[in-house]
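Engineer: Have a look at this one.
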Amino acid sequence: MIEAIVIGSTGNELEKMLADLGRSYGIAVLTEETGEGQGDQNTLFPVEMQADGWVFFTEDPDSESAAAVRARVRSGSGPWLSLPPDEDAVHALAARCREWVYESGIVCLGFAADVAPSQFSVCSEIAKALFAMCLLRTRPERLHEALKTRMPESGETFFPDIDSVLKDLIERMTLRDKVALAHFNEGLPALADSTLAVYILGHYLWPPNPDLLEDCARREGLREKEMDETLAVSIIIACLMEKLKESHRLRLVPGGASG
């Protein structure tokens, strides 16, 4: 689990975004001082590299600036991951980074970038999804606080059962995501700590939704006390995939009769 992040001290907007995100997720934020009078290159990356591993946001991993930073990281024997600021692949990039974090045993993660300010928000979204995925697997109670969900004004839940959740989810999902889930063959465990699971927790199960938990227990033939939010997420995702397989699987259409 990521317990701390390291960012530079140049004061740019991306550093501020990452610091705010880290604090909101209960992650310690460490700031490294950059060197003075050593040129713009050092503003990309802290001089003192105390993190266990580093994520470097860049549109061109083969650029001179990226190569210079990569060489400095490797000289400090820290794992390195280069990520593009692709707004169409935020969740996939976050999942890739999450697996790298676990495989590398990273607890303190450093961030650096050489992207344009217009890409800062995308980098921030990738980091946000990464933090949420990590917390969901290790500290879900902290994720609850980070999502800052609020009770409906009426005091009643808008999603009392699985069917109401599926209806809302399917209306919100893009066609591409629906088709992808309909053809997903890696099995439910691969989705149990995904961004989709984080979304379900934050929008349907937190704040506590006893009616939905009761429906999940009833659907699985379990007693209410045997049901919790984590298990409910898996049940809802399984129901969603089953429904999408019925409606969004691509099928071969026989060719028309020849004239």
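Engineer: Is one or more of the residues making up the stretch 73-84 in a helix (DSSP H, G or I), at pLDDT 80 or above and within 30 Å of L191 (Cβ to Cβ)?
Structural biologist: Checking the stretch 73-84: not a single residue is in a helix (DSSP H, G or I), at pLDDT 80 or above and within 30 Å of L191 (Cβ to Cβ).
Engineer: Okay, moving on. Since G26 meets every condition but one in (1) open to solvent by 40 Å² or more (accessible area, probe 1.4 Å); (2) at pLDDT 85 or above; (3) part of a helix (DSSP H, G or I), which condition does it not meet?
Structural biologist: With respect to (1) open to solvent by 40 Å² or more (accessible area, probe 1.4 Å); (2) at pLDDT 85 or above; (3) part of a helix (DSSP H, G or I), G26 is out only on (3).
Engineer: While we're looking at this one, here's another question. Here are the criteria: (1) at pLDDT 85 or above; (2) under 15 Å from I5 (Cβ atoms). Tell me which single one Q50 does not satisfy.
Structural biologist: Going through (1) at pLDDT 85 or above; (2) under 15 Å from I5 (Cβ atoms) one by one, Q50 breaks only (1).
Engineer: Among the helices (runs of 4 or more DSSP H) contained in the stretch 132-210, which hold 1 or more residues that are modelled with pLDDT of 85 or more and open to solvent by less than 50 Å² (accessible area, probe 1.4 Å)?
Structural biologist: By residue number, 162-172, 175-182, 195-200.
Engineer: What are the residues in the stretch 214-235 that are part of a loop (DSSP other than H, G, I, E, B) and surrounded by fewer than 19 Cβ atoms within 10 Å (Cβ to Cβ), if any?
Structural biologist: Residues satisfying the conditions are G221, L222, R223, D228.
Engineer: In the stretch 112-131, which residue that is in a loop (DSSP other than H, G, I, E, B) and open to solvent by 40 Å² or more (accessible area, probe 1.4 Å) is modelled with the lowest pLDDT?
Structural biologist: Within the stretch 112-131, the match that is modelled with the lowest pLDDT is D114.
The values are calculated or read from the model by the stated rules, or taken from the named source; none is laboratory data. Because the structure is predicted, anything quoted here is derived from the model rather than measured. Every residue, glycine as well, gets a Cβ built from its backbone with ideal geometry; the counts of neighbours run over all protein chains shown. Just the protein is used for accessible areas: all its heavy atoms, side chains included, with ligands, DNA and RNA removed. Shrake-Rupley method; radii C 1.70, N 1.55, O 1.52, S 1.80 Å.
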